[in-house]
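Q: Quick one: structure below, then a few questions.
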Amino acid sequence: MKHMNKHCIIRSKNDNIRTYIKENSGLVIIYGATFWGGILVDDNIFKVDYFCDKKAPAWQLFHNTAVINISELEKKITDSAKRATVIIASQDRGTVSSIYKDLMQADLNADVFDYFENEIEFCDLQFEFAGKKYDLFQHSYNCGYFQTRMTERSVELALAKEYIDTCEGNIVEIGAVTPYYFYSNKISNIIDPTDNHKRVLKKSLFDCDLRDKNVLSISTVEHIGTSDYGMQEANNVINAVDKILDEARSCLITAPLGYNKLLDQWMMENCKSNKVRILRRSVNNRWEELREPVGHVEYTTLWANGLLIITKET
């Protein structure tokens, strides 16, 4: 039987991770804690017993799960007396190759999967928001394509394009995002104190008169009031949201959940407002609108797992 092999086997992209977890009933290890987006842990699709990371100390916790090194991994698998399933969670091909080498040299009793090659959940082409279906936006810069890892930009830019297309009049963009993806002559001004794009007016949002303006802001307000990008802004994210909502004729604001505690608290306090909607990633890039307020949503270095959408209509 194939599972009686007492050594490490690299599984192909046609092998199903969940099938091996079910058949082996052994330990499940995510290799590459620093790369892991936390999706499967949050959704309890399968239980992760350990994270493994060559550089992480044994006492570290990630998602309340112990992070062990490669030597401890070998011992844990041996002690379990079962065949383990090891899932590499990095999209960098050089890193994956390096991890493969480490695992094969350790000669583990395990089936090894490249998550971003084997996982077949990257199949959604659309998402639904406010009762309407949108095609996910695809782009090579910090966004992604179907059948690969896609960031929250795939949703944000789809909503932004709809807002731009249907908006009557010119638009002020707070935070330079759209010029890195597409050009629209409707966007008359782009306000950003730190971005060097040639279309950007380098000034603070709080130095701008937004009265009777249409305002678009994509994953920007959460940085206000922090030291991100070297900013020294006296105001905070709530001041920014209030200013836009008070002054703008219409607006679309998107921001990741789990990044700014003040904004997360504002979301909880205003979740009943018809101006506020919440999207959450359930599996990989499957986005679903929530009907009820959500608690803490983990923000990771790979992607946002939840989006706050704030709108104001004319």
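Q: Charges at C-beta only: +1 for Lys and Arg, -1 for Asp and Glu. How large is the resulting dipole of segment 126-312 about its Cα centre, in Debye rounded to 20? Walk me through the numbers on the way to the answer.
A: Numbers: 23 positive and 25 negative charges, 71 e Å.
It works out to roughly 340 debye.
Q: Using only Cα atoms, tell me the angle between helix 93-106 and the longest principal axis of the chain; keep it within 0 to 90° and round to the nearest 10.
A: Its long axis makes an angle of about 20 degrees.
Q: Cross-link candidates for Lys275: which lysines have Cα within less than 29 Å, leaving aside residues fewer than 8 places away along the same chain?
A: Once the sequence-local lysines are set aside, what remains near Lys275 is Lys132, Lys133, Lys161, Lys186, Lys202, Lys203, Lys213, Lys243, Lys261, Lys312.
Q: Roughly how many debye, to the nearest 20, is the charge dipole of the chain about its Cα centre, given +1 on each Lys and Arg Cβ, -1 on each Asp and Glu Cβ, and no other charges?
A: On the way: 38 positive and 44 negative charges, 109 e Å.
Dipole about the Cα centre, nearest 20: 520 debye.
Q: A further question follows. Give the lysines whose C-alpha is closer than 20 Å to that of Lys54, dropping any in the same chain fewer than 8 places away, or say none.
A: In chain and number order, the partners are Lys75, Lys76, Lys101.
Q: Compute the length gained on full extension between Lys101 and Glu23: take 0.36 nm times their separation in residues and subtract their Cα-Cα distance, giving the result in nm to one decimal. Please list the in-between numbers first.
A: On the way: separation 78, 0.36 × 78 = 28.08 nm, distance 2.52 nm.
Result for the pair: 25.6 nm of gain on full extension.
Q: With an 8 Å cut-off on Cα pairs and a minimum separation of 6 or more residues, tell me the relative contact order of segment 62-110 in percent.
A: Details: 21 pairs, mean separation 24.5, N = 49.
50 percent.
Q: Specify the longest stretch of the chain that does not include any exposed loop site, a site being one of the chymotrypsin sites (Phe, Trp or Tyr not before Pro) with a non-H, G, I, E, B DSSP assignment and at most 15 other Cβ atoms within 10 Å. If you can, show how the numbers build up before the last one.
A: Numbers: sites that count: Phe46, Trp59, Tyr141, Tyr145, Phe146, Phe182, Tyr183.
Counting only loop sites that pass the neighbour cut-off, the longest clear stretch is 184-314.
Q: Another question, then. Tell me, what are the semi-axes, in whole angstrom and largest first, of the equivalent ellipsoid of the chain as set by the roots of 5 times the Cα gyration tensor eigenvalues? Display every interim value, and only then the final one.
A: Working: eigenvalues 360, 72, 62 Å².
Semi-axis lengths for the chain are 42, 19, 18 Å.
Q: Then there's this: For a footprinting-style exposure proxy, rank Thr65, Thr314 by other Cβ within 10 Å, fewest first. Show your work: numbers first, answer last.
A: Numbers: Thr65 17, Thr314 11.
With the sparsest Cβ surroundings first, the list reads Thr314, Thr65.
Q: Between the helical axis of 153-166 and the dominant principal axis of the chain, each derived from Cα atoms, what acute angle in degrees is found, rounded to the nearest 10?
A: Approximately 20 degrees, to the nearest ten.
Q: Something else now. Mind pulling the angle between the C-alpha long axis of helix 261-270 and the longest principal axis of the chain? Nearest 10 degrees, somewhere in 0 to 90.
A: Helix 261-270 and the main axis of the chain meet at about 70 degrees.
Q: Take the alpha carbon atoms of segment 137-171, find their center, do the same for segment 246-314, and report the distance between the two centers in whole angstrom.
A: Distance between centres, Cα-based: 16 Å.
Q: Which ordering of Glu117, Glu173 is given by a fewest-first count of other beta-carbon atoms within 10 Å?
A: On the way: Glu117 16, Glu173 26.
Result, fewest neighbours first: Glu117, Glu173.
Q: Kirkwood Rh, segment 126-312, all Cα pairs: how many Å?
A: On the way: mean 1/r = 0.0600 Å⁻¹.
About 16.7 Å for segment 126-312.
Q: Rounded to the nearest 5, what is the percent of antiparallel bridges among the DSSP beta bridges in the chain?
A: Working: 23 of 53 bridges.
Antiparallel bridges make up about 45 percent of those DSSP assigns within the chain.
Q: At 222 nm, what helix-only mean residue ellipticity would the chain give, in deg cm²/dmol to the nearest 500, using -39500 (n - 2.57) for each DSSP H run of four or more? Could the numbers behind the result be given before it?
A: Working: 8 runs with 77 residues, N = 314.
Rounded to the nearest 500, it is -7000 deg cm²/dmol.
Q: Treat the count of other C-beta atoms within 10 Å as a stand-in for reagent exposure and order Cys143, Cys208 from fewest to most. Display every interim value, and only then the final one.
A: Details: Cys143 20, Cys208 17.
Placing the least packed residue first, the sequence is Cys208, Cys143.
Readers should treat all values here as calculations from the given coordinates under stated rules, not as data from a laboratory. Only a predicted model underlies this, so the values are computations on that prediction, with no experimental measurement involved. Cβ atoms come from the backbone with ideal geometry, glycine included; neighbour counts cover every protein chain shown.
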